[in-house]
1. Leu420: modelled with pLDDT of 70 or more and over 60 Å from the mean Cα position of the chain (by Cα), yes or no?
2. Name the pairs whose Cβ atoms lie under 7 Å apart, with the first residue in segment 1145-1171 and under 11 Å from Asp1085 (Cβ atoms), the second among the acidic types (Asp, Glu) and open to solvent by 60 Å² or more (accessible area, probe 1.4 Å), and 6 or more positions between them or separate chains?
3. Condition (residue is under 30 Å from Ile179 (Cβ atoms) and touching a residue at least 24 places away in the same chain (Cβ under 8 Å)) applied to segment 860-877: is it met by at least one residue?
4. Residue check, Phe175 against (1) open to solvent by less than 50 Å² (accessible area, probe 1.4 Å); (2) farther than 18 Å from Gly756 by Cα, all met but one. Which one?
5. Condition check: closer than 30 Å to Glu180 by Cβ, free of Cβ contacts under 8 Å to residues at least 24 places away in the same chain and not basic (Lys, Arg). Does Leu894 satisfy that?
6. Ser502 - would you say it is at pLDDT 90 or above, open to solvent by less than 50 Å² (accessible area, probe 1.4 Å) and hydroxyl-bearing (Ser, Thr, Tyr)?
7. Kindly indicate which of Lys111, Lys121 is at pLDDT 90 or above and either farther than 19 Å from Ser171 by Cα or of a type outside the set (A, V, I, L, M, F, W, C) (or both).
8. Tell me, which residue of segment 932-962 that is of a type in the set (A, V, I, L, M) and surrounded by fewer than 20 Cβ atoms within 10 Å (Cβ to Cβ) is nearest to Ala999 (Cα to Cα)?
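The values are calculated or read from the model by the stated rules, or taken from the named source; none is laboratory data. Remember, predicted model here, so these are calculated numbers, not experimental data. In this analysis, Cβ positions are derived from the backbone assuming ideal geometry, glycine residues included, and neighbour counts consider all displayed protein chains. Accessible surface areas use protein heavy atoms only, side chains included; no ligands, DNA or RNA. Shrake-Rupley method; radii C 1.70, N 1.55, O 1.52, S 1.80 Å.
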Amino acid sequence: MLDPSSSEEEDEVVEEERKVTQAPKTGAPRVSPNRTGESPGGLQPARTNNARPTSPGPSAALEKEKDDLEKMQREEEERKKRLQLYVFVMRCIAYPFNAKQPTDMARRQQKISKMHLQTVKDRFQAFLNGETQIVADEAFINAVQSYYEVFLKSDRVSRMVLSGGFSANDSRDVFKKHIEKRVRSLPEIDGLSKETVLSSWMAKFDTIYRGEEDPRKHQQRMTASAASELILSKDQLYEMFQQILGIKKFEHQLLYNACQLDNPDEQAAQIRRELDGRLQMADQIAKAGKFPKFVSKDMEAMYIEELKSSVNLLMANLESMPVSKGGEFKLQKLKRGHNTSIIDMGQEDENQLSKSDVVLSFTLEVVIMEVQGLKSLAPNRIVYCTMEVEGGQKLQTDQAEASKPTEKNMVICTATMPKLISYRIFLFCFQVVLHPTPNSPKQSEIHKMTVSKGCPDNDLRIKLAVRMDKPQNMKHCGYLWTIGKNVWKRWKKRFFVLVQVSQYTFAMCSYREKKAEPVELLQLDGYTVDYTDPQPGLDGGRTFFNAVKEGDTVIFASDDEQDRILWVQAMYRATGQSHKPVPPTQVQKLNSKGGTAPQLDAPISQFSQKHGMDEFISANPCNFNHSSLFEMVQRLTLDHRLNDSYSCLGWFSPGQVFVLDEYCARNGVRGCHRHLCYLSDLLERAENGAMIDPTLLHYSFAFCASHVHGNRPDGIGTVTVEERERFEEIKERLRVLLENQITHFRYCFPFGRPEGALKATLSLLERVLMKDIVTPVPQEEVKAVIRKCLEQAALVNYQRLSEYAKLIADCRLVTPAKKLEDTLRLAELVIEVLQQNEEHHAEAFAWWSDLMVEHAETFLSLYAVDMDAALEVQPPDSWDSFPLFQLLNDYLRLDYNLCNGKFHKHLQDLYAPLVVRYVDLMESSIAQSIHRGFERESWEPVNNGSGTSEDLFWKLDALQTFIKDLHWPEEEFGKHLETRLKLMSSDMIESCVKRTRIAFEVKLQKSSRTTDFRVPQSICTMFNVMVDARAQSAKLCTMELGQERQYHSQIDDLIEETVKEMITLLVAKFVVILESVLAKLSRYDEGTLFSSFLSFTVKAASKYVDVPKPGMDVADAYVTFVRHSQDVLRDKVNEEMYIERLFDQWYTSTMNLLGTWLTDRMDLQLHLYQLKILIRVVKKKYRDFRLQGVLDSTLNSKMYETVKNRLMLEEATASVRDGGMLGISMKDSDEEDD
């Protein structure tokens, strides 16, 4: 803190004087700051030498000058008001005795500014673009992408930043809640818990959010800011309120010195004067009857009692303050005391002091600097000093050589004594006797020592310094001449000490030497001290002053003017009188023209008078309307608080709360008035878009409501008409604000921020709707208000959503496809809004969940208008709108409250005809495709079947999947759709199976009947169609109900019967081919014409030429046909069971045919050629079918045994008859070459 005499302050003063001096030269009127006592009306605008302007005219110029002058006068009045207010605030900071800085307030987070938000956006965008070194998995990147798009880029967040209610902690909490659901939905990973994933993701988020900043610097900055948020020193408080009230630094320095803020005695005296003035003002109000207008006449007497009680409480608080208060007063250690004995200024006898109440303790410091003239001792002798205090112990200094009396002999002797004393210092036979007082000089002095008889050193001197510290309760001391009526009855010079016993009790005590208790004392309560002229007949003393009280006068005299002024100032502070004594010399000089202030007061008041500060310092606080002043300082403090770097939401800082509390207590500002002003200021800021904590509003409103309804929250029972009227006005404003905030809850509390604010708003609304503080408001009334707000909220939210989506209302300006696309995008936004409401705001509306459901239905009904308009313009039989139904239905069916609600039913009614129409058309289309497909079917293999079958099954599956994905919410209609599709699938598959059976038969009929026949690919494809039909029927025709399962079994039976028929037809084809082979062999039957002719011809020809015998071509052709058919069927048909069944029937049927053919020739002997062919066919057939997996039970059937035995018998006969079979035999068939 700079003194007024410092160079910096002088420069500011000189600069200010220069501005004041040069102001008239500019030609504009200016109110000089050093002439505050003059009325602004006495100022005249200075003339200028400028040329006459052409426009405007003289009257306009005069009007402009008048307006400028009025503006300057208003600014000057405002400056004076702020300076006066700052004086009161300074005194509250300098000497608080009622309040303390709270340490239990919630710490406020750093506010995010618009620039900081943009920086954060850029950092997250850089991460998403891969421009950072942060390693992250895809899940985390997706979470950050969603957070960036939904939260950071939201216009609601930007609006919240402008309101000043958005902090970095809010941003972090939103991300944490955002990722919790994502992490919980992730699959479990062995060795990695989801809590670890969450911690890792939050650490990466912090890294992205912080960017390149050093976390240590950030932590240091946060720590420093947090400390300043919690507690402030006096200098920090002074500086804060300089900024709040717009006070310059040099003005503060002038006021600080002039008010003697560093002098606790002066501040305590100022408080005593203020409290005395407030008591007098209460008496004046009672006498004059000038009461505020109360709601009841009976409150006037109570008002006076409250005024006096509040003053008495302040007196008790002041009385409980410690007197011995040394050094810097620490605000955080201030503790409010409560003295049970309330001081009554009218009862003096009860507070009389005794001599034992006044106790003084002194601390002496004696430093021996040097001894001069010590010549009689040898240089190597060791010397030391002793000190003897009268009535106390002896003390000894350190030792030193006699030749070096100034080296190593500086010692400090300290003693604490309860009385004024004299002390002696001895050096061998030398001594010096001193009588110190607290006013004695503290620099070192040379004293001549008393020499005993016979000592050779006659001129021995000692240099020492004596410091006697003044006790804290000693306010002044010195010698005075005095005479009084009751004490000090003789005019005599005495040693006086002004002692402070407590904050309200002072005593003038006279002491004698060597006495610990005062000889006489005078309690100063009720006395008035002032300067007086010299009294005739009293010899001794040059300057006089007195202390006067009813029935008593005490006259004092000092030896010089300086001492008198110091005594009068000290006693003036002690008495607490309202009259301020003025030295006669100063009065004379002030009355004379051109005089200057006395030199004594120059350091304190010269600069203050020069700059017009004296009127602010000497102003009586009791003459001001502190309610108005406090309203002003609270409003300016709130502006300062809302513009600082913290997201305060309207809460004052601890230092601000402390100063405002102290101001209200010290100056008698009513608690209700304080909170009403606070509410008014908060409402004004909230109405202008600032974020205000509803809990803070609730606290102040509850206080005011309790006061207005007579509940005495602060002990004040009187209620003024102004307070009640203003409360009703604020109550209405608050109700309107709360309803508006609930209506705009998505934008006032975006993403549930600030946390718990919306819930507190609803609670406050319920409190505001109460008629009094006892009777709760009916829930139906609250519900009606909230219902109305949420109905309006639905409209507001949808309007803003439509503006964001940029929908074009006129359908003629866009195509139906574009309209549907916009409607689909708007549906996504609608669902997003509803999800956000559920996620961030449902908890706040927990008590009104049914109203939130109504709000959602209203919101959806507004969307239904646009949806219906978009669907109306769609062309008929257009199915592009089904994604819209799926999107909406998938959200609504999973919401317990909205499922089958009003909008959901409307959506179903809208789409049910479309679904039915779509199924009808799809059924007709599929039926036509089956008909056309089988007409043009080439039976080329496609996947698991033919082209037509694949297309059929795909369409049926796609149709059922589509209808299933609709998730039709109404159970009955959903079952109807499912049943219809299953039945339709059954019919379509039945048609496919029948058409395939017909094509199969036709294909076989057109094929060859000889061994040239090869099983075509189409035959295998038809079998595969049956296989696929059976597999698809299990999926497409399965029903849960019993009767429909029976219908599905009918489809299976149909497929099974058709497959049996197809196998039978194919086997019949194979039998026909074998019959053709046997028909060729029948020509060699014994006894036939062809056989006889053929035998004769061969025998006759063999005589002349070599005739070849019949070969095995027929057998080989048949074997090749069988093997090829087996391979094709095995390779191309997809169902093994059908192959096995086919081979079994094929083998059995052909073997039966062979047995029948041989049976018909039981009486005939087989031709050798017949025998060879049959042996080859039977042997190969048996072997091939065994290789294809035909069971032995089927292979070794009775018919096979019959055929085998017959052929073996014929083989034996032929061997006897023809001499052998040329290597062909039924035996050892496995060794026969192919």
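1. no
2. Leu1164/Glu1086; Gln1165/Glu1086; His1167/Glu1086
3. yes
4. Going through the list (1) open to solvent by less than 50 Å² (accessible area, probe 1.4 Å); (2) farther than 18 Å from Gly756 by Cα, Phe175 breaks only (2).
5. yes
6. Criteria not met by Ser502.
7. Lys121
8. Checked segment 932-962; the qualifying residue nearest to Ala999 (Cα to Cα) is Val942.
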